[in-house]
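Visitor: Handing you a structure now.
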Amino acid sequence: MKIKVVTLDSKAAGEVELSDSIFGLDVRKDLLHRIVEWQRAKAQSGTHKTKTISEISGTTKKPFKQKGTGAARQGSLRSAQMRGGSTIFGPVVRSHATNMNKKERALALKHALSSKQKDGTLFIIEDASIKDAKTKTLVAAFKKNGWNAPLIIDAKVDEAFAKAARNIMHVDVLPTAGANVYDILRHKQLVLTKEAVKQLEERLK
């Protein structure tokens, strides 16, 4: 399939041929859901933790004698039933990451790209570079093209462009090596440079 190429100033810059096997698939929402869940689980820090009885500070002395008080026998003030005591079966430090094979991850990325193309929110630009790192210049360019929350992917991120873009809310700039399903789906528009298209097709063919 062919798609128009524009410049940052919204001027026509020819056309580019997109691979139907990468940008023209029937979108599988179940696969996209699985990959997003996988990405978010992998990103969790997993540092939540409660203290066990051995980690609670306090005396090891028996609270009161074993018999004759009329109360239940107790062996420690640090037990779970005591105020300020330990937690039974509480969360521990662990990884939330799950397994997902490479073929599934590559296929999910293809479906994410296809979903943007199908929705009409995929745009191809000549290049993503500006002379000066001016946020004002980039905001005007995005407005001219009708982009309000784009993800821009380039083969090699231009430093001035990245500096100007980082001050704009809901805008991200990634190299093709960092292209991922979650970021593609959470942005309203996907903007690829011609070189990024070439690299993505080589990576996913």
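The values are calculated or read from the model by the stated rules, or taken from the named source; none is laboratory data. Fair warning: this is a prediction, and the values are worked out from it, not measured in the lab. Note that each Cβ is placed from the backbone with ideal geometry, even for glycine, and that neighbours are counted across all protein chains shown.
Visitor: Out of the residues in segment 59-102 that are without any contact (Cβ under 8 Å) to a residue 40 or more places away in the chain, polar (S, T, N, Q) and closer than 30 Å to residue 36 by Cβ, which is surrounded by the fewest Cβ atoms within 10 Å (Cβ to Cβ)?
Guide: Among residues in segment 59-102 that are without any contact (Cβ under 8 Å) to a residue 40 or more places away in the chain, polar (S, T, N, Q) and closer than 30 Å to residue 36 by Cβ, the one surrounded by the fewest Cβ atoms within 10 Å (Cβ to Cβ) is 99.
Visitor: Going by what's in this entry, would residue 169 be described as of a type in the set (A, V, I, L, M, F, W, C) and either surrounded by fewer than 16 Cβ atoms within 10 Å (Cβ to Cβ) or touching a Gly at 6+ places or on another chain (Cβ under 9 Å) (or both)?
Guide: yes
Visitor: Of all residues in segment 37-58, which are assigned to a helix (DSSP H, G or I) and exposed (fewer than 12 other Cβ atoms within 10 Å of the Cβ)?
Guide: Passing the criteria: 40, 43, 54, 55.
Visitor: Tally the residues that are under 30 Å from residue 25 (Cα atoms) and among the aliphatic types (A, V, I, L, M), restricting the search to segment 54-109.
Guide: 6
Visitor: Filter segment 119-155 down to the residues that are over 19 Å from the mean Cα position of the chain (by Cα), among the charged types (D, E, K, R) and surrounded by 15 or more Cβ atoms within 10 Å (Cβ to Cβ) and list them by number.
Guide: 126, 127
Visitor: Let me ask something else about it. Among all residue pairs at least 6 apart or on different chains, which show Cβ distances below 9 Å where the first residue, located in segment 126-140, is assigned by TED's automatic domain parsing to the domain that holds residue 11 and over 30 Å from residue 15 (Cβ atoms) and the second is basic (Lys, Arg) and part of a loop (DSSP other than H, G, I, E, B)?
Guide: Taking only residues 6 or more apart or on different chains, the pairs are 135/166.
Visitor: Report every pair of residues separated by at least 6 positions or lying on different chains whose Cβ atoms are under 7 Å apart, first residue within segment 9-27 and of a type in the set (Ser, Thr, Tyr), second surrounded by 15 or more Cβ atoms within 10 Å (Cβ to Cβ).
Guide: Qualifying pairs under 7 Å: 10/145; 19/201.
Visitor: In the set 196, 164, 177, which member is within 21 Å of the chain's Cα centre (by Cα), buried (at least 16 other Cβ atoms within 10 Å of the Cβ) and of a type in the set (Gly, Ala, Ser)?
Guide: Checking each option against the conditions leaves just 196.
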